[in-house]
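Below is one structure, written out as C-alpha cells; comments come after it.
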Amino acid sequence: MSAQISGISSTCSTASCKDHSLRLGFDSLSSNRATSISFSSQLNTNLSIKSLETRRRHKTSKICSAVIVESNSEQMELDTSLSPRVNSVKPSKTVAITDQATALVEAGVPVIRLAAGEPDFDTPSVIAEAGINAIREGFTRYTPNAGTLELRTAICKKLKDENDISYTPDQVVVSNGAKQSILQAILAVCSPGDEVIIPAPFWVSYPEMARLADATPVILPARISENFLLDPKLLESKLTEKSRLLILCSPSNPTGSVYPKKLLEQIAQVVAKHPRLLVLSDEIYEHIIYSPAVHTSFASLPGMWERTLTVNGFSKAFAMTGWRLGYIAGPKHFVAACNKIQSQSTSGASSIAQKAAVAALGMGHAGGAAVSQMVKAFRERRDFLVKAFGELDGVKISEPQGAFYLFLDFSYYYGNEVDGFGLINDSESLCRYLLEKGQVALVPGDAFGDDTCIRISYAASLSTLQAAFERIKKAVLTLKS
Ligand SMILES: Cc1ncc(COP(=O)(O)O)c(C=O)c1O
C-alpha cells in the first residue's frame, strides 16, 4: 500500500517544537485529537497506529509534526517529528556555504571558493596507483571491521616512528574518515549529561557530535592575542566530575595554531588531576605544519597514553578527502568500543582506500617529498595572505603555524549599513556580503565559536588567492567608506 503526501498541517503549540522547526510544517496534535484520527484496517496502517500510540505514551514525545497522507483514499495524519537528538544538532555551515557557492558558480557567477576544507592537490600518483591495483587485483571485498591487518600494522609503525607512541594493531580502528573515528569515540565514552570540553575556535563538528551523544559541549574560548591556544588555568577552572572528554586539535582547524609541547605538558598536568577525564587528540593536520613549529602527540606525554584517543587520517596531508579514510588509536578498552559501534553501522572502510593508505604510509617520513611539496606551497600561500591582510586596516591576525586556514578578526568592519544589503554586524552577515558583493566564499567565524572572525581556506592557487584578496579588500573598504 503506498501513501501519498497530500498536504501539510501546521502550527506547533509547544515551545520545544518551535525550537525544532524544520520548515516542514508542524502540528500540535493533542492526545485526544490524535486518538480520534480514523484509520483504515489495512496492515500497514495498523502498524502506524501502534507506533503513534506507543510514542504518545512516552512522556517526552508529543506528536508535534505531522503531514496529511492519503492511504486507500482515506486521510490520516502521519507523525513526521524527528528525534530530539537530531533536532539538537546544527547542520554544518562549512558544507552549507560550500554548496551555496557551488550553486552560484553553476549559475554562472564567478565566485572564488575558499570555504571548503580540502587540499586543491591531486592525490599523489603512487597512492592512486595502489588504489587502482587493488581494484585490478580483486581486492574489493569486505575487510575486517577494524581495517586490514596490513594497514593497522603500518599505522602502528607510523605512530611509533613519527609520534613516539606505541600501539598494537588491536589498538587501532580504521574508519571512513577521521570524522567517523571522532563521532564513534564520543559515542563510545560519553554518557548522557557528561561534559565534552572544547576549546574555541573549534572544528564545527565537535559540539554537534557531543550533542549527538547526549553529552553537553562546554566551550572554552581562546583569544586571538593568545594565538587561539587554550589557557590551562581556564581549563582547570572549568573541569568538574562531569567532565569526560577534552578535545584538542593541533594543528588547528580553523586557526592553524599549533600547541607547543610545553603548553601540552601544562594541560596534561591539569588533566592528570581528573580520573574521569579522557583526551581526544585530533592530529589530522599533523603533516601540514610550518617549521619551526613542531607537532607533539598528546599520547606521547608522560601519563597520557592511558587516557588519550589519538585520531588521524589521510584526507588532508595526502590529499585523499574523497577516499574517506581515518583512524583512531588508543587503549584497547576504548578502541574496542569504537569498533563495536562501527560493526553495527558502516562496518570496515573501503578495501580499495585501505590499500591506497598503505601506499601513503610508505611514502616516507611525514609523507616524503610529495607531501613536503604540498606543504611548501601551503606555506607560500600563508605567507602571502598574512602579509596582504596584515596591511589591511583593522584586521587582526594570528599567524597560522599549520593546516591551511587563516582565521582573521574582521570585527573592525562590523556595524556598517550597506545599501540594498542591510546591516553588517556579525561574521555571518559579513560573509554573506563578501559572497554576494565580493564573490568570495568564506566561512563565518561563529560556526567555529568565534563571531569576530572569518575563516579563509587557502587550499587554492596563489593567483586565485591574490584575486580573492583584491575582491575582499575592495568589498570591505567600500564598507568603511
Ligand atoms: C579538524 C578536523 N578533524 C577531522 C576532520 C575529518 O576529516 P575526514 O573525515 O575527511 O578524515 C576534518 C575535516 O575537515 C577536520 O578539519
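The values are calculated or read from the model by the stated rules, or taken from the named source; none is laboratory data. Keep in mind that this is a model prediction, so the values were computed, not measured. Here the Cβ positions follow ideal geometry from the backbone for every residue, glycine too, while neighbour counts run over all protein chains shown.
Here GLY322 passes the criteria (1) within 16 Å of the ligand (Cβ to nearest atom); (2) crowded, with 23+ Cβ neighbours inside 10 Å; (3) in a helix (DSSP H, G or I) except the one numbered (2).
When residues in the range 390-409 are screened for being assigned to a loop (DSSP other than H, G, I, E, B), touching a Ser or Thr at 6+ places or on another chain (Cβ under 7 Å) and not polar (S, T, N, Q), 3 of them pass. Among the residues of the range 265-323 satisfying the criterion of being within 22 Å of PRO217 (Cα to Cα) and of a type in the set (Gly, Ala, Ser), which is nearest to the chain's Cα centre (by Cα)? It comes out as SER281.
Results for (1) over 20 Å from GLU283 (Cα atoms); (2) within 26 Å of the chain's Cα centre (by Cα); (3) among the aromatic types (Phe, Trp, Tyr); (4) outside the structural domain of CYS249 (by TED's automatic domain parsing), shown as yes or no for each residue.
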position: ALA357; (1), (2), (3), (4): no, yes, no, no
position: MET374; (1), (2), (3), (4): no, yes, no, yes
position: PHE378; (1), (2), (3), (4): no, yes, yes, yes
position: VAL386; (1), (2), (3), (4): yes, yes, no, yes
position: ILE397; (1), (2), (3), (4): yes, yes, no, yes
position: PRO400; (1), (2), (3), (4): no, yes, no, yes
position: VAL418; (1), (2), (3), (4): yes, no, no, yes
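Quick one: is THR296 closer than 27 Å to VAL386 by Cβ and out of contact with any helix residue (DSSP H, G or I) (no Cβ under 7 Å at 6 or more places or on another chain)? So THR296 does not fit the description; no. Candidates ALA356, ALA366, ALA329, ALA360: the one that is closer than 18 Å to ASP164 by Cα, surrounded by 22 or more Cβ atoms within 10 Å (Cβ to Cβ) and more than 11 Å from the ligand (Cβ to nearest atom) is ALA329.
Taken together, the residues in the range 285-316 that are within 16 Å of the ligand (Cβ to nearest atom) and either in the same structural domain as PHE404 (by TED's automatic domain parsing) or assigned to a loop (DSSP other than H, G, I, E, B) (or both) amount to 9. Output the residue which, of all residues in the range 181-234 that are part of a loop (DSSP other than H, G, I, E, B) and within 16 Å of the ligand (Cβ to nearest atom), is modelled with the lowest pLDDT. So, considering only residues that are part of a loop (DSSP other than H, G, I, E, B) and within 16 Å of the ligand (Cβ to nearest atom), the one modelled with the lowest pLDDT is VAL204. Residues that are under 26 Å from the mean Cα position of the chain (by Cα) and either surrounded by fewer than 20 Cβ atoms within 10 Å (Cβ to Cβ) or of a type in the set (Val, Ile, Thr) (or both) within the range 427-438 comprise GLU428, SER429, ARG432, GLU436, listed in sequence order. Residues in the range 159-180 that are more than 19 Å from LEU280 (Cβ to Cβ) and either of a type in the set (Lys, Arg) or within 16 Å of the ligand (Cβ to nearest atom) (or both): LYS160 alone. Against the numbered list (1) farther than 30 Å from GLN344 by Cβ; (2) away from the ligand (no atom under 16 Å from the Cβ), GLY138 comes up short only at (1).
If the condition is being exposed (fewer than 15 other Cβ atoms within 10 Å of the Cβ), touching a helix residue (DSSP H, G or I) at 6+ places or on another chain (Cβ under 9 Å) and acidic (Asp, Glu), then the range 72-106 contributes only GLU74. Pairs are defined by a Cβ separation below 8 Å, a sequence spacing of at least 6 or placement on different chains, a first member in the range 397-415 that is within 13 Å of SER257 (Cβ to Cβ), and a second member that is charged (D, E, K, R) and part of a strand (DSSP E or B); the pairs so defined are ILE397/ASP409; TYR405/ARG455; LEU406/ARG455; PHE407/ARG455.
Conditions tested, residue by residue: (1) loosely packed, with under 14 Cβ neighbours inside 10 Å; (2) modelled with pLDDT of 90 or more; (3) not acidic (Asp, Glu).
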site	(1), (2), (3)
GLY108	yes, yes, yes
ASP120	no, yes, no
GLU137	yes, yes, no
THR143	no, yes, yes
ALA146	no, yes, yes
LEU149	yes, yes, yes
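Take the range 96-116 and flag every residue that is within 18 Å of TRP203 (Cα to Cα), outside any loop (DSSP other than H, G, I, E, B) and of a type outside the set (Gly, Ala, Ser). Selection gives ILE97, THR98. In the range 153-161 there is no residue matching the filter, namely being assigned by TED's automatic domain parsing to the domain that holds THR346 and on the phi > 0 side of the Ramachandran plot. Would you check if there is a residue in the range 122-135 being of a type outside the set (S, T, N, Q) and not in a helix (DSSP H, G or I)? Within the range 122-135 (the criterion being of a type outside the set (S, T, N, Q) and not in a helix (DSSP H, G or I)), the answer is yes, since at least one residue qualifies.
Can ILE247 be described as out of contact with any Asp or Glu (no Cβ under 6 Å at 6 or more places or on another chain), assigned to a strand (DSSP E or B) and either of a type outside the set (S, T, N, Q) or crowded, with 20+ Cβ neighbours inside 10 Å (or both)? So ILE247 passes the test.
Each row is one residue, and each column tells you yes or no for (1) buried (at least 20 other Cβ atoms within 10 Å of the Cβ); (2) closer than 17 Å to LYS387 by Cβ.
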| position | (1), (2) |
| --- | --- |
| PHE407 | yes, yes |
| ASN425 | no, no |
| ARG455 | yes, no |
| ALA459 | yes, no |
| GLN466 | no, yes |
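The test for being away from the ligand (no atom under 16 Å from the Cβ) and either assigned to a loop (DSSP other than H, G, I, E, B) or touching an Asp or Glu at 6+ places or on another chain (Cβ under 8 Å) (or both) does not hold for PRO119.
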